[in-house]
Amino acid sequence: DHANIATPEQHAALAGLDRAHLIHPVAPWRRHEERGPTVLSSGHGVWLQDAQGRELLDAFAGLWCVNVGYGQESVVQAAVEQMRRLPYATGYFHFASEPAIRLAAKLVEITPASLTRAYLTLGGSESVDAAVRFIVQYYNNTGRPAKKHFIALERGYHGSSSTGAGLTALPVFHRGFDLPLATQHHIPSPNPYRHESGSDAAALIAASVASLRAKVAQLGAENVAAFFCEPVQGSGGVIVPPRGWLKAMADAARELDILFVVDEVITGFGRTGTMFACDAEGVQPDLMTLAKGLTSGYVPMGATMMSERVYAGIADGAPAGQPIGHGATYSAHPVSAAVALEVIRLYEEGGILANAQRVAARFAAGLAALRSHPLVGDVRCVGLLGALELVSDKASKRGFDPALGLADRLFALGYQHGLVFRSFGDHVLGFAPALTITEAELDVLFVRLCRVLDDALAAPDVRAAMAG
Ligand code: PLP
């Protein structure tokens, strides 16, 4: 599709406008002005084309969100038809649109049975923010106003709203933003590679449960509102806890009388092999946050799911007839809802979830084969979500000096070899291809990835940093 390819002059002009005017999310602003943008212009399936005509295999599904792949015509049609019929209908007061109603019912049908109500948002950050506001309202309305403290995991990511960014525990989201708040606390991440209990799953799970209990005891259970977690920590570096961890944390939260909130913004909609990560362990959360795969990134939308107990606590504790003051102009947007309904249909009837399950073994094998590469310290994988942790010394698990700028260099090598992935910190590479990816495309992914790692290793300064 050559219509999208810019001449060098056109590209330079566009890049100039970007440098001068567009503020990029989660970017080093001044560094970006020097570097300039990578302008993406079209996509089909797992393939992207940039404005200079380079073909890239997108091994990260945009931002782990384009689960149905690019160019799904039926999704485009769903948006066009809804836009033509009624592009906007407020969800405020007592108004609604048909797609919003049907989507809420569909989400209740496919999420764990504990969840009976859906609040439709604009994305993950707003879903987390709404969850926090609803939980505060829940305890105020049910006569336990002291329950205001929130516990989450170190290295967790829960978006960048003004409160959600404090539940997040990644330094760049706190630094200079006066976060976390005094009511936001973090317990150690369940990382088998970095935890002292190592590969002993039972010990790691017990340690996590013990830290939650200890933190609740320290704050006083009467002061603790909720525990938030991702079933697999995504932006923290694709940290996959041992099987049984999520269930153990859910059970502990119930015993401790605090709400259990699962953030399935990444793991939801088939990413880990089941529709939701909760399904793999029969976890019944009190609240669940969703986004990304909900609309596969075609339009913005998220959801905050809640149990009947939380819903009723809020609804029945508020003065009769008084609105619950939370909402946005674009809450329950009909075009987004229509897109979400079609995307969910593709996962189920369209066979996309089944494809993800079918090709997951090839994905796991491709990553596992890289374990013997000199740069690779750890391989993590569940469903079509995976990571490589690079180390300069396999024995001590030592990473790399940030001064090497390895993350940027790996990204540049990926681009050179036609592969897009994500790097976290300086030494974790993340992979989350569209759930439509074929085995042949996975083979291309791993051939290219191998070239990226070999080229990185060939650099004299990287070689010099390696042990031995
Ligand atoms: N929660 C998790 C687990 C996420 O991974 C993200 C985004 O990556 C968010 C929340 C925030 O979602 P959004 O970027 O749509 O605001």
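Read-outs: derived from the displayed coordinates by stated rules, not from any lab. Everything numeric in this text was worked out from a predicted model, so none of it was measured. Virtual Cβ from ideal backbone geometry, glycine too; neighbours counted across all protein chains shown.
Taken over segment 74-348, the alpha-carbon convex hull comes to 124 cubic angstrom per residue. Going from the residue with the fewest nearby Cβ atoms within 10 Å to the one with the most, THR163, THR116 rank THR116, THR163. A cut-off under 14 angstrom between Cβ atoms defines the neighbours of ARG117, and their net charge, with Lys, Arg +1 and Asp, Glu -1, is -2. Mean projected area of the convex hull spanned by the Cα atoms of segment 356-468, taken over all viewing directions: 6.5 nm². Each of GLU441, GLU34 was scored by other Cβ atoms within 10 Å of its Cβ. Arranged with the fewest first, they read GLU34, GLU441.
Beta-bridge orientation, the chain: approximately 65 percent antiparallel, per DSSP, counting only bridges with both partners inside. Using the Cβ of GLN416 as centre and a radius below 13 Å, the other residues enclosed give a net charge of -1, where K and R count +1 and D and E count -1. If you add up the charges near VAL265, with Lys and Arg at +1 and Asp and Glu at -1, over every other residue whose beta carbon is less than 9 angstrom from its beta carbon, what do you get? Around VAL265, the charge tally is -2.
At full extension, ARG84 and HIS32 could sit 14.9 nm farther apart than now, given 0.36 nm per residue minus the alpha carbon distance.
Neighbour counting of Cβ atoms within 10 Å sorts the residues LEU63, LEU410, fewest neighbours leading, into LEU63, LEU410.
Only helical runs count toward this figure. For the chain, summing -39,500 (n - 2.57) over DSSP H runs of n ≥ 4 and dividing by all residues gives -12500 deg cm²/dmol at 222 nm. Restriction of the GluC sites (Glu not before Pro) in segment 137-233 to DSSP coil positions whose beta-carbon has at most 12 other beta-carbons within 10 angstrom yields GLU196. Pairs of Cα atoms nearer than 8 Å and 6+ residues apart set the relative contact order; for segment 74-348 it is 31 percent.
Taking trypsin sites (Lys or Arg not before Pro) across segment 209-308, the ones in a DSSP loop with at most 13 further Cβ atoms lying within 10 angstrom of their Cβ are ARG243. Dipole magnitude for the chain: computed about the Cα centre from +1 point charges on Lys and Arg Cβ and -1 point charges on Asp and Glu Cβ, it is near 580 debye.
Using the Cα gyration tensor of the chain, with a ≥ b ≥ c the square roots of its eigenvalues, what is the shape: rounded (a/c below 1.5), prolate (a/b larger than b/c) or oblate (neither)? It comes out oblate by the Cα gyration axes. The chymotrypsin sites (Phe, Trp or Tyr not before Pro) of segment 1-109 that meet both conditions, a loop assignment by DSSP and at most 14 other Cβ atoms within 10 Å of the site Cβ, are TYR88, TYR92, PHE93, PHE95. Taking every DSSP beta bridge that has both residues in segment 74-348, what percent is antiparallel when rounded to the nearest 5? Among the beta bridges of segment 74-348, antiparallel pairing accounts for roughly 45 percent. Over 32 Å between Cα atoms, which of LYS148/LYS292; LYS292/LYS394; LYS147/LYS247; LYS247/LYS397; LYS147/LYS292 qualify? Over 32 Å Cα-Cα: LYS292/LYS394.
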